[in-house]
Amino acid sequence: MGTITIGHYEKFIGRNAVDELKILASRLKTSTIQFITTTEQSGSIAETLSRIVPLLNELGIKALWEAIEPDHDLTAIAKVFHDGLRGSAVHTTTDMFQKFMALDDDMMRKASIKGDIVLMYDVPALALVHKRHEHESKWVWNCHLDLSKPDPEIWHFLKGFIEEYDTACLVAPAFFQKIQIPQFFIPPSIDPFSEKNRPLSQTEITTVLKKYGLSRKKPMIVQIGRFDHFKGHEGVIEAYRMVKRYNDCQLVLASGKGKGDPDVDEVLGELREKAGDDPDIHILVMDPADIDVNALQQNAAVIVQKSVKEGFALTVTEALWKAKPVVASLVGGMPLQITHNYSGLLCRTDVGCATNIRRVLNNPGLAKKLGRNGREAVKKNFLSTRQLKDYMLLFLYLYYPGEVISLY
Amino acid sequence: MLKLYKKAKEPFYFCTRLNLSELLGVRARNLTDLINMIKAVPDSSIFYHTHMFLEQKQDIIPEHTNEFAYWVSHVLGEHVLGEELASIDLVEFKSIRAIREKLIMVLEHNLFDRTDSLRVAARGMEFEFMKSHSFILPTKYSANSLFDFIRALKEVSVNTLYFHFFESRLRLEKGINDFSCWIDMSLGFAELAEKVASIDPYTHTLEGLRHSLVRTLEKG
């Protein structure tokens, strides 16, 4: 498919919704929006921005996306802070906090602020907000992390920077923190035209399955997600074994090749040991990942996300979009996406997960109903055009703060 | 037939309304929390939880007419109280203040009679209070006659319907929906305006409301 334009989304959201995006954009045509990330051009934020930035430009709003490469030491410290914000037990030293401040000076030199509105995504560049007065700009902190139980010391330190922003955007209400700026609920989104989400032909799916030596003969239980301890892979293996007593099936645990995550090898080792010699458990590290993930999801009989801690969980959004029955744990953004028994199934325990997988495998009618409703929920609430709309509303809010804003 | 083409004194300009959700950081785990918070949150939050739900989860409507009822039934498992909350007839109320008072009354009445201990929401299923920021924007649609009006009504977005039928009446405290107001004041069809006002929008999905409005207007 060639360039995706705003008109392509009409088939999903309707002409009126596209017209409303154009009306909104017409109120922002004099603004320059600058998105700043420090990550490489991969991951869910990059996926989102690679669609939203061109759409904003097409709608007549000047949008720029700058990816700043942080210094190696800053990256390492920011990784500790990032994990601490998510609630992991981390070790911090006074030196780290001092270095973070000092290394930010280097980031300051690298960054050039051009936006009337600046959206910041990543921890290493949080302190760039100190440049806000150079350009009289408005600053938004976009946090995609589960902030429900941050490390108190790290949170206290970073809060000082965060409160210099005009607003923050969080991906789930439960991540709210007591800070002196308004916090908006802007869930992330998926793009229906991306390699990860577009419809695939049977030939494409078969090619991917062959590549990993997977058979179509047994129903496939799939969990996609980084190999880290938060994703609850061990619980999925437990649940699969309970299901396997009654339903002959196979389990696929898959992830793209994560970069810079020291836990991956350790977690993979543990999982391979737990899987033992069961030929129906497949632990896959995929490269390239997007089309492969898509094919696994489209071939799944049921998709599981049994994380013990999550951000919004876009892997669940992707699964719902493919009209697949999803069994997910009741953490992070998953209860926001799934209405239990209506658009998916929620669980708290391994045995609950197993029971729900069996319900779906044994009741094709239920599986179909959950899948259909899940896809509708994503269409209404979690496609990139919804996030585009929320962003534009947020930009307008920065100029017209208020509860009822009449722009006619 | 003549009624359809009668020229209005003033055209009707269809607007649309788009919502941005702000988190309040207030969360209820049981009924006592819920009552205390309903008393304390701003009107925009009461509006959000009694109306935004219609938009976001309209596929589950009309079983539950507000989000409090849904949470009380499905999360706390208090089905009787949930049904009482769901049965609050929002059409009767002309202000958000009045809706808030009714919610408090139903909840307090239930608590007063209770002898059992209160159920507590599981972690992750607490009631999270939010409020809405509404942005009202013009659309390309307008009408100079009932004929134009019906034609536009078939085309406009559900956000437009939502604004003129729910938000304008309650949040802008006009007391009546914009459609009835225009049909009465600009077209002079008081009886038709009354028929439109008597449609219960809370037991329809937004698309269902559109069909009901069009049907009522076409019958005249």
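Residues checked against (1) open to solvent by less than 50 Å² (accessible area, probe 1.4 Å); (2) aliphatic (A, V, I, L, M):
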| residue | (1), (2) |
| --- | --- |
| A:Lys159 | no, no |
| A:Ile181 | yes, yes |
| A:Phe184 | yes, no |
| A:Val236 | yes, yes |
| A:Lys244 | no, no |
| A:Asn247 | yes, no |
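Here A:Asp166 meets the list (1) open to solvent by 20 Å² or more (accessible area, probe 1.4 Å); (2) more than 30 Å from B:Leu24 (Cβ to Cβ); (3) touching a residue at least 60 places away in the same chain (Cβ under 8 Å) almost entirely, failing just condition (2). Of all the numbered requirements in (1) open to solvent by 50 Å² or more (accessible area, probe 1.4 Å); (2) under 27 Å from A:Ala377 (Cα atoms), A:Val18 misses one, and that requirement is (1).
Taking the criterion of being open to solvent by less than 50 Å² (accessible area, probe 1.4 Å) and either β-branched (Val, Ile, Thr) or under 16 Å from the mean Cα position of the chain (by Cα) (or both), the residues of the stretch A:142-157 that qualify are A:Asn142, A:Cys143, A:Leu145, A:Asp146, A:Leu147, A:Ile154.
Considering each residue of the stretch B:88-111, count those that are within 17 Å of the chain's Cα centre (by Cα) and either open to solvent by 80 Å² or more (accessible area, probe 1.4 Å) or charged (D, E, K, R) (or both), and give that number.
Step one: of the stretch B:88-111, the residues within 17 Å of the chain's Cα centre (by Cα) are B:88-103.
With either open to solvent by 80 Å² or more (accessible area, probe 1.4 Å) or charged (D, E, K, R) (or both) added as a condition, the list becomes B:89, B:92, B:94, B:97, B:100-102.
Here the count works out to 7.
Of the residues A:Gly43, A:Gly60, only one is of a type outside the set (Phe, Trp, Tyr) and within 18 Å of A:Asp290 (Cβ to Cβ); which?
Working: A:Gly60 fails: within 18 Å of A:Asp290 (Cβ to Cβ).
Among A:Gly43, A:Gly60, only A:Gly43 is of a type outside the set (Phe, Trp, Tyr) and within 18 Å of A:Asp290 (Cβ to Cβ).
Just need a number here: residues in the stretch B:132-155 that are within 7 Å of chain A (Cβ to nearest Cβ) and either in a loop (DSSP other than H, G, I, E, B) or under 24 Å from B:Thr50 (Cα atoms) (or both). Residues flagged as within 7 Å of chain A (Cβ to nearest Cβ) and either in a loop (DSSP other than H, G, I, E, B) or under 24 Å from B:Thr50 (Cα atoms) (or both) within the stretch B:132-155 amount to 5.
Applying the selection to the stretch A:1-10, what residues are within 29 Å of B:Thr139 (Cα to Cα), modelled with pLDDT under 95 and open to solvent by 60 Å² or more (accessible area, probe 1.4 Å)? Before you say what the answer is, go through the steps one by one.
Filtering the stretch A:1-10 down to residues within 29 Å of B:Thr139 (Cα to Cα) leaves A:3-10.
From what is left, the residues that are modelled with pLDDT under 95 are A:3-4.
Result: A:Thr3, single match.
Of everything listed in (1) in contact (Cβ under 8 Å) with a residue 60 or more places away in the chain; (2) open to solvent by 20 Å² or more (accessible area, probe 1.4 Å); (3) away from chain B (no Cβ under 14 Å); (4) not hydrophobic (A, V, I, L, M, F, W, C), the single unmet condition for A:Ser215 is (1).
When you scan the stretch A:345-366, do you find a residue that is open to solvent by less than 30 Å² (accessible area, probe 1.4 Å) and either under 18 Å from the mean Cα position of the chain (by Cα) or facing another protein chain (nearest Cβ under 10 Å) (or both), even just one? Can you show your working first?
Within the stretch A:345-366, the subset open to solvent by less than 30 Å² (accessible area, probe 1.4 Å) is A:345-347, A:352-354, A:356-357, A:360.
Among the residues that remain, those that are also either under 18 Å from the mean Cα position of the chain (by Cα) or facing another protein chain (nearest Cβ under 10 Å) (or both) are: A:346.
Yes, that holds for at least one residue.
Could you count how many residues in the stretch A:335-344 are of a type in the set (Gly, Ala, Ser) and either open to solvent by 20 Å² or more (accessible area, probe 1.4 Å) or more than 11 Å from chain B (Cβ to nearest Cβ) (or both)? Break it down stepwise before answering.
Quick first cut of the stretch A:335-344, residues of a type in the set (Gly, Ala, Ser) only: A:343-344.
Filter again for either open to solvent by 20 Å² or more (accessible area, probe 1.4 Å) or more than 11 Å from chain B (Cβ to nearest Cβ) (or both), leaving A:344.
Number satisfying all stated conditions: 1.
For B:Gly124, the requirement of being open to solvent by 20 Å² or more (accessible area, probe 1.4 Å) and closer than 30 Å to A:Gln183 by Cβ is met.
Is there a residue being at pLDDT below 90, within 27 Å of B:Lys131 (Cα to Cα) and away from every other protein chain (no Cβ under 14 Å) anywhere in the stretch A:152-171?
Step one: filter the stretch A:152-171 for residues at pLDDT below 90, giving none.
Scanning the stretch A:152-171 turns up no residue that is at pLDDT below 90, within 27 Å of B:Lys131 (Cα to Cα) and away from every other protein chain (no Cβ under 14 Å).
Within the stretch B:137-175, which residues are of a type in the set (S, T, N, Q), more than 20 Å from the chain's Cα centre (by Cα), open to solvent by less than 40 Å² (accessible area, probe 1.4 Å) and closer than 21 Å to B:Thr216 by Cα? Show your work before the answer.
Residues of the stretch B:137-175 that are of a type in the set (S, T, N, Q), as a first pass: B:139, B:142, B:144-145, B:157, B:159-160, B:168.
The next check asks that each one be more than 20 Å from the chain's Cα centre (by Cα); those that pass are B:139, B:142, B:144-145.
Subset that is open to solvent by less than 40 Å² (accessible area, probe 1.4 Å): B:139, B:145.
Scanning the stretch B:137-175 gives a single hit, B:Ser145.
Kindly evaluate A:Ser50 against the criterion of being open to solvent by 50 Å² or more (accessible area, probe 1.4 Å), in contact with a Leu (Cβ under 6 Å, 6 or more places away or on another chain) and among the small types (Gly, Ala, Ser). Judged against the criteria, A:Ser50 is not a match. All conditions but one from (1) in contact (Cβ under 8 Å) with a residue 12 or more places away in the chain; (2) farther than 15 Å from A:Met286 by Cα; (3) open to solvent by 60 Å² or more (accessible area, probe 1.4 Å) apply to A:Pro192; the one that does not is (3). Among the residues of the stretch A:133-165, the one identified as farther than 23 Å from A:Pro188 by Cβ and touching an Asp or Glu at 6+ places or on another chain (Cβ under 7 Å) is A:Ser137. Checked against the criterion of being closer than 30 Å to A:Leu346 by Cα and at pLDDT below 95, the stretch B:138-157 has no qualifying residue.
One line per residue, one yes/no per condition, for (1) within 22 Å of the chain's Cα centre (by Cα); (2) among the hydrophobic types (A, V, I, L, M, F, W, C):
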residue: A:Gly14; (1), (2): no, no
residue: A:Phe35; (1), (2): yes, yes
residue: A:Glu66; (1), (2): yes, no
residue: A:Ser88; (1), (2): yes, no
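Taken over the stretch A:25-39, the criterion of being of a type in the set (A, V, I, L, M, F, W, C) and open to solvent by 60 Å² or more (accessible area, probe 1.4 Å) is satisfied by no residue.
Let's see how each residue does on (1) out of contact with any Pro (no Cβ under 9 Å at 6 or more places or on another chain); (2) modelled with pLDDT of 95 or more; (3) hydroxyl-bearing (Ser, Thr, Tyr):
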site: A:Lys259; (1), (2), (3): yes, no, no
site: A:Ala300; (1), (2), (3): no, yes, no
site: A:Gln305; (1), (2), (3): yes, yes, no
site: A:Leu320; (1), (2), (3): yes, yes, no
site: A:Ala323; (1), (2), (3): yes, yes, no
site: A:Ala328; (1), (2), (3): no, yes, no
site: A:Gly332; (1), (2), (3): yes, no, no
site: A:Arg358; (1), (2), (3): yes, yes, no
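Being within 19 Å of A:Gly235 (Cα to Cα) and either in contact (Cβ under 8 Å) with a residue 12 or more places away in the chain or not in a loop (DSSP other than H, G, I, E, B) (or both) holds for only one residue in A:Arg358, A:Arg375, and it is A:Arg358.
Taking into account only those residues within the stretch B:58-77 that are crowded, with 19+ Cβ neighbours inside 10 Å and in a loop (DSSP other than H, G, I, E, B), which is modelled with the highest pLDDT? For the stretch B:58-77, the residue satisfying everything is B:Leu76.
The values are calculated or read from the model by the stated rules, or taken from the named source; none is laboratory data. Computed from a predicted structure; not experimentally measured. Here the Cβ is made from the backbone with ideal geometry for all residues, glycine too, and neighbour counts use every protein chain on show. Ligands, DNA and RNA are stripped out before the accessible areas are found, and what is left, the full protein with its side chains, is counted by its heavy atoms. Shrake-Rupley method; radii C 1.70, N 1.55, O 1.52, S 1.80 Å.
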